Amino acid sequence: MSIKTFISISVLSFLALACQNPNSSEASRLPEPKSGKAESIKETKASAPAYPTWETDSAAFVYLQQYGAENPESRIRIKTDFGDIDIELYSNTPVHRANMIYLIKEHQYFNGTWFHRVSKGHVIQAGNNDEYSLKKRRDKIGKYELPAEALGINYHSYGSVAMARSYSNNPEKKSDPFEFYINLGKTYSPAQLKLMEEEYDITLNADQVQLYSTIGGSPHLDQEHTVIGQVVKGMDVVEEIAKVETDQGEWPLKNIPIQIILNK
């Protein structure tokens, strides 16, 4: 056998072995087979929509205005271990309505948060918990506040839904976008309402006097927080939640987790 022939046969043998050897450099570059489940997960991640992370109130405002125009839903349902609470969101607070629908529809933000504050006879407040993972979820959505809406029009009647806000360095009374409360309150006589006007340095109009002397609520909160809607079914559930035991900070001793969905 000539040297030339020997070399040719050796090269062909090496190439054949390399194709069969899983440790060869060519074999290591071949993609590993994927199961159907892995492919499905990958496709889900790839198709997940990307939402903006806002760093300014104005950026959030512009986005929510457009989002609200394209998403007109106004009925939501809070699901709890105590029962369901149905809420109708007001149309005259469009940015707040859009924000709630956005958080529910696109982020499922409220699922896993709690009714974390219970002030007996006053309010039950939701949208927070004591888990660090929730802070990370908020940061991912963005840091923003909502401009006050309809302050002198929507009142804190019994069963109204309003947004929490900071009282520190917040002269514009901007709302926290993540936390809301359901109002309880009570009925007042005209004489009691007059005393409340003096105590809180407020002026109640005839509609407010009629409202708070018949239906009841919390008149001292009017024009301080944006009222975004009204409970239309489930105030018995609200009343039961309002009876739970709390610590001195009005935090329920037993967690009250919630889920919020669109209610068609």
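The values are calculated or read from the model by the stated rules, or taken from the named source; none is laboratory data. Note that the coordinates shown come from a computational prediction; the quantities given were computed from them, not determined experimentally. Cβ: placed from backbone, ideal geometry, glycine included. Neighbour counts: every protein chain shown. Accessible surface is based on the protein model in full, side chains and every heavy atom, while ligands, DNA and RNA are left aside. Shrake-Rupley method; radii C 1.70, N 1.55, O 1.52, S 1.80 Å.
Between Ile215 and Lys140, the contour length at 0.36 nm per residue exceeds the Cα-Cα span by 23.0 nm.
For segment 144-264, the direction-averaged projected area of the alpha-carbon convex hull comes to 9.3 nm². A simple spin-label model places pseudo-atoms 7 Å from Cα toward Cβ; at Gln248 and Asp86 they are separated by 4.2 nm.
The residues of segment 171-242 expose, per residue, 48 Å² of accessible area to a 1.4 Å probe. Taking the accessible area of segment 155-264, probe 1.4 Å, and keeping the other protein chains in place, the carbon and sulfur fraction comes to 49%. A 1.4 Å probe run over the protein chains yields, for segment 48-134, 44 Å² of accessible area per residue, whole-number rounding. For the peptides 88-101, 192-205, 123-136, the ranking by packing is 88-101, 123-136, 192-205, with the highest mean count of neighbouring Cβ atoms within 10 Å listed first. Sorting 147-157, 65-75 by average packing, meaning the other beta carbons within 10 Å per residue, from highest down gives 147-157, 65-75.
Summing charges over neighbours of Thr246, with a neighbour being any other residue whose Cβ is under 11 Å away from its Cβ, gives +1 when K and R count +1 and D and E count -1.
Comparing Leu193, Val244, Ala206 along the charge dipole axis of segment 105-264, the residue lying farthest to the positive side is Val244, per the Cβ-charge model. Counting charges near Ile76 (Lys, Arg +1; Asp, Glu -1) among other residues having Cβ under 12 Å from its Cβ returns a value of +3.
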